[in-house]
Amino acid sequence: MHTEAAAAPSRLAHHFPDMKTQEHAARMGMWLFLSTEILLFAVLFTAYALYRFLFPVGFEEASRLAHVAMGATNTVVLITSSLTVALAIHYARQGENRKVVGLLAVTILFGVTFMVLKGFEYHHHWVDGQLPGRFYSYSGLQGPGVSMYFALYFLMTGLHGLHVLIGMGLLGWVAWRATRNEFGPGYSTPVELSGLYWHLVDLIWIFLFPLLYLL
Amino acid sequence: MTATTHSEGKHLGPAQYVMVWVALMVLTGVTLAVWKADLGYSARVAVALGVALVKAALVAIFFMHLWEERGVARLTLVVAGLLVLLLIGLTLVDNATRFPYANPPYSESWKDAPWQKDAPPMQGEPPPVRVTPADRSTHPAGHAP
Amino acid sequence: MSPSPASSPAYQTPNYLNAVKGVGSWLTTLDHKRIGVMYLVLTVLSFFLGGVFALLLRIELVTPGPTIMDAMTYNRMFTLHGVIMIFLFMIPAIPGIFGNFFIPLMIGAQDVAFPRINLLSVYLYLAGAAIAVWGMIQGGTDTGWTFYTPYSTTTVTTVAPVLLGAFILGMGSIVTGLNFIVTVHTMRAPGVTWMRLPLFVWAMYATSVIQVLATPVLGMTLLLVAFERVFGFGIFDPARGGDPILFQHLFWFYSHPAVYIMILPAMGVVSEVVQTFSRKNMFGYKAVAFSSLGIAFVGFFVWGHHLFTSGQSTFASGVFGVLSMFVGLFTAIKVFNWTATMYQGAIQVSAPFVYFMGFLYFLVFGGLTGIALSTVSLDVHWQDTYFVVAHFHFIMVGGTIMAFLAGLHYWWPKMFGRMYSERWALAAAVLVIVGFNATFIPQFLLGNMGMPRRYYSYPEQFWPLNVASTAGASLLGLGFTIVLVYLVVSLVKGRVSGPNPWNSRGYEWNTPSPPEAQNFPETPVHDRGPHEYQDGPAAEVKHAH
């Protein structure tokens, strides 16, 4: 507790009256940033909604080519990783930095698992020629809208995958800070903010999975 | 730290987080079960999207601590969500009510959408969606450009 | 920008300009005031660059046929003009300069909430501008600033760098908006309640909401076009089932609200100016404050009025047309309140006030033509003609730039502690307003006669009006140049303004001019709203004539 008490005042930037306001500002900034992320994905969701509406049969048939087992596994992986992050935030507020490090390491491992499975999926689609737009060459399924499904599949999961990678980087950075015992009751904002980011990645996958695999 | 931005009494503990996780797992199971059972197109869509919404709400409220946040965070998320719906909604309104040939070739509105009764008949049939997992080589590559 | 060590006492007092010295101290500064000044230099530079292209375009159009350039150069020129003016000047200018400089001063904060992110926004601006301009020099994009598909995905010119540049500029814009929202929420000094916020802050708040929520959509859409060019995924390609109009939906979902990113800050600026120079507080403060939010809100529902003749359904066009008219409602609320504020005020006819009068006239004129344009049946005739060009230049140049100039003159002594030459300022203001009318009123007539925009040549009968327009444009260019010259001269030779040359009661004038590096020695406490001229000691009215 002694180190935290000493560290708290130095973290206060000169233009904030107190830590409470500063943390409130940081969290509000993060939420606003998350809303920009949602609207970034909104473009792809709109394209998906439109083309699904225009090509219902093509999309339905194409989504049968998705690898549901791997997608479902990834859903479980990501949701569980959200749990571990939530727990990490909880323990960061308690100042139990060792638990934070452990939980974040598990989360990053889940992230790696997710990306590896995603890589296998991509590989399968690649080999079968189930690719976007003009690269589509799978003869087992032809027709209007089919290649559009794969364009959206790769764009949406690709952008999401990019976010997973960024999130892993953020969590890694926070975990490194936790190894130096930086967090405690007075200061846990970095864990909370990167945790929020990771939850958003999970949130988006919660929508991507049914849209791309099950409909 | 007596008065933090969120009242201490509403803090969730590990037990609650695990309960939320269990709920999320169950809901994932429900989606998959309904998908397997194949209750028909509209049921599948309704269940899949409904469950996704509930899961997203669970993650946002509990994991992302909207439960204990002040108003602005909630407002931000709700406004962002509404804007997504607005963008999707008004875009679809356009495409759904268009003169059919202003939509992409061979799209659904070219066929028999009820609001397109007065449209002139289209020339030539659209290439159907063909699924031929057994015989891959006999089909032409791609539909008409 | 460093002032000369003049003999005047102003710069002997410590202030943010001389607190730390050297180029490095500017490049790494976290001071919101210095960041505002950096934006001032960068955006004004962009403005003159874009202006040069505008003049070249007008010179080309002096004769019906080829004059000084070929058709392809002309296409690249108007793209350059549009991209530079919109992304490098209109969107970042007032938020970047006045927002950064004055929001913390107005709400009694020592800085914006995230000073480092604020500095990052300057570098994002620089990076985006560099990439975009480099791309335009390399390949010369010829799509227009709107990048409509399928042309933008098939043209042989280089488009991707410009798209990437616009994407990065968008990130800078998001960051600025995010910073302002958090600043206004968390950093108000005691006594600065929401209902005492200066109206400029209200307008900037509404603007920031749009910046944060709409800009990501543009970013992703532009990336999709770049993807489309590089990989051919077919998202906007009808041959692969894509819908090119989807691009227009997505593009205008940002770019129409972006119009309010450009005009709302301008409305905020003139709200401050009209109060100071009428020596009255705002008639209908709440109405003006909430109509800013109203415009931001309605602005999200109207994007389809850009698509009336693009193949959008008639039904959707009707819906968007009706919704568009609500913007006129909220704008009218503001116009009536500004006018009522002047009523029985002790009006001081000074350069900022002249620009305000110009603003009011241009906004009403441009706004009314906008309502006419949102009527679908009329728009079918006017779409993509010079009528539309004149309409949005009335709002963008007539509205935003008049307000920008009003704010620049009003706050110049605040920012630099020097007064410009009032005589030159009035002359330039008249020149700019006359020149502007002469440029764009002929374009309304041309558009109504059917002259399409973005065309390189035109039939003989359009010739006289085009000459008139070009003549007006040269007056406009001359006016802007005069403004630049006397403002720069005033930095060295202007008389020292004192802390509050206008006797304004805006919150921001409670500090020395120019302000010190630390805004407030101790946190200010306000017990009344800004611009309360009626109550309290009698206002010391100073007439300029």
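The rows are residues; the columns are (1) in contact with a Phe, Trp or Tyr (Cβ under 9 Å, 6 or more places away or on another chain); (2) of a type outside the set (Gly, Ala, Ser).
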{"residue": "A:LEU103", "(1), (2)": "yes, yes"}
{"residue": "A:PHE120", "(1), (2)": "no, yes"}
{"residue": "A:TRP126", "(1), (2)": "no, yes"}
{"residue": "A:GLN130", "(1), (2)": "yes, yes"}
{"residue": "A:LEU152", "(1), (2)": "yes, yes"}
{"residue": "A:ILE166", "(1), (2)": "yes, yes"}
{"residue": "A:ALA175", "(1), (2)": "no, no"}
{"residue": "A:THR179", "(1), (2)": "no, yes"}
{"residue": "A:GLU192", "(1), (2)": "no, yes"}
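Which residue out of C:PHE326, C:PHE362 is within 22 Å of the chain's Cα centre (by Cα), part of a helix (DSSP H, G or I) and modelled with pLDDT of 95 or more?
Being within 22 Å of the chain's Cα centre (by Cα), part of a helix (DSSP H, G or I) and modelled with pLDDT of 95 or more holds for just one of C:PHE326, C:PHE362, which is C:PHE362.
Which of the residues belonging to region A:60-77 are of a type outside the set (S, T, N, Q) and buried (at least 24 other Cβ atoms within 10 Å of the Cβ)?
If the condition is that a residue be of a type outside the set (S, T, N, Q) and buried (at least 24 other Cβ atoms within 10 Å of the Cβ), then A:ALA62 is the only one that fits.
Against the definition (within 29 Å of C:GLN348 (Cα to Cα) and buried (at least 21 other Cβ atoms within 10 Å of the Cβ)), how does C:ALA438 come out, yes or no?
No, not satisfied.
Would you confirm whether or not region C:122-131 contains a residue that is modelled with pLDDT under 95, surrounded by fewer than 21 Cβ atoms within 10 Å (Cβ to Cβ) and not aliphatic (A, V, I, L, M)?
No, there is no match, as no residue in region C:122-131 is modelled with pLDDT under 95, surrounded by fewer than 21 Cβ atoms within 10 Å (Cβ to Cβ) and not aliphatic (A, V, I, L, M).
Mind listing whichever residues of region C:438-474 are under 12 Å from C:ALA390 (Cβ atoms), within 26 Å of the chain's Cα centre (by Cα) and of a type in the set (S, T, N, Q)?
Once the filter is applied, which keeps residues that are under 12 Å from C:ALA390 (Cβ atoms), within 26 Å of the chain's Cα centre (by Cα) and of a type in the set (S, T, N, Q), region C:438-474 yields C:THR439, C:GLN443, C:SER469.
Which one of the conditions (1) in a helix (DSSP H, G or I); (2) surrounded by 19 or more Cβ atoms within 10 Å (Cβ to Cβ); (3) not basic (Lys, Arg) does A:GLY172 fail to meet, given that it meets all the rest?
Result: A:GLY172 passes all but (2).
With at the interface with chain B (Cβ under 10 Å from one of its Cβ atoms) and either closer than 30 Å to C:ILE168 by Cβ or modelled with pLDDT under 90 (or both) as the only criterion, which of A:HIS24, A:HIS14, A:HIS2 stands out?
Values: A:HIS14 fails: at the interface with chain B (Cβ under 10 Å from one of its Cβ atoms); A:HIS2 fails: at the interface with chain B (Cβ under 10 Å from one of its Cβ atoms).
Of the residues listed, the single one that is at the interface with chain B (Cβ under 10 Å from one of its Cβ atoms) and either closer than 30 Å to C:ILE168 by Cβ or modelled with pLDDT under 90 (or both) is A:HIS24.
Whether any residue in region C:340-348 is farther than 23 Å from C:LEU408 by Cα and modelled with pLDDT of 90 or more is what I want to check.
Yes, region C:340-348 has at least one match.
Kindly provide the set of residues from region C:160-197 that are within 9 Å of chain A (Cβ to nearest Cβ), of a type outside the set (A, V, I, L, M) and over 17 Å from the mean Cα position of the chain (by Cα), ordered by number.
Matches in region C:160-197: C:ASN179, C:THR183, C:HIS185, C:THR186.
B:PHE63 versus (1) in contact (Cβ under 8 Å) with a residue 24 or more places away in the chain; (2) outside the structural domain of B:TYR17 (by TED's automatic domain parsing): which is the lone unmet condition?
(2)
Just checking: which of the helices (runs of 4 or more DSSP H) contained wholly in region C:370-437 hold 3 or more residues that are within 16 Å of the chain's Cα centre (by Cα)?
C:386-393, C:402-416
Among C:THR149, C:THR207, C:THR157, which is buried (at least 24 other Cβ atoms within 10 Å of the Cβ), more than 12 Å from every other protein chain (Cβ to nearest Cβ) and in a loop (DSSP other than H, G, I, E, B)?
Testing whether each residue is buried (at least 24 other Cβ atoms within 10 Å of the Cβ), more than 12 Å from every other protein chain (Cβ to nearest Cβ) and in a loop (DSSP other than H, G, I, E, B) leaves just C:THR149.
So which of C:GLY367, C:GLY358, C:GLY417 ends up being at positive phi and either in contact (Cβ under 8 Å) with a residue 12 or more places away in the chain or in contact with a Ser or Thr (Cβ under 7 Å, 6 or more places away or on another chain) (or both)?
Values: C:GLY367 fails: at positive phi; C:GLY358 fails: at positive phi.
Within the list C:GLY367, C:GLY358, C:GLY417, the selection yields C:GLY417.
Go over the candidates A:VAL112, A:VAL127, A:VAL116 one by one and state the one that is of a type in the set (Val, Ile, Thr), part of a helix (DSSP H, G or I) and touching a helix residue (DSSP H, G or I) at 6+ places or on another chain (Cβ under 9 Å).
When all the criteria are applied, what remains is A:VAL112.
From the list A:ALA69, A:ALA105, exactly one residue is modelled with pLDDT of 95 or more, farther than 30 Å from C:PHE251 by Cβ, part of a helix (DSSP H, G or I) and not basic (Lys, Arg). Which is it?
Working: A:ALA69 fails: modelled with pLDDT of 95 or more.
The match here is A:ALA105.
Mind listing whichever residues of region C:285-323 are more than 8 Å from chain B (Cβ to nearest Cβ), touching a Ser or Thr at 6+ places or on another chain (Cβ under 7 Å) and closer than 18 Å to C:HIS381 by Cα?
If the condition is that a residue be more than 8 Å from chain B (Cβ to nearest Cβ), touching a Ser or Thr at 6+ places or on another chain (Cβ under 7 Å) and closer than 18 Å to C:HIS381 by Cα, then C:HIS305, C:PHE308, C:GLY321 are the ones that fit.
The values are calculated or read from the model by the stated rules, or taken from the named source; none is laboratory data. These figures come from a predicted structure and were not determined experimentally. Don't worry about glycine lacking a Cβ; one is built from the backbone with ideal geometry, like all the others, and counts go over all protein chains shown.
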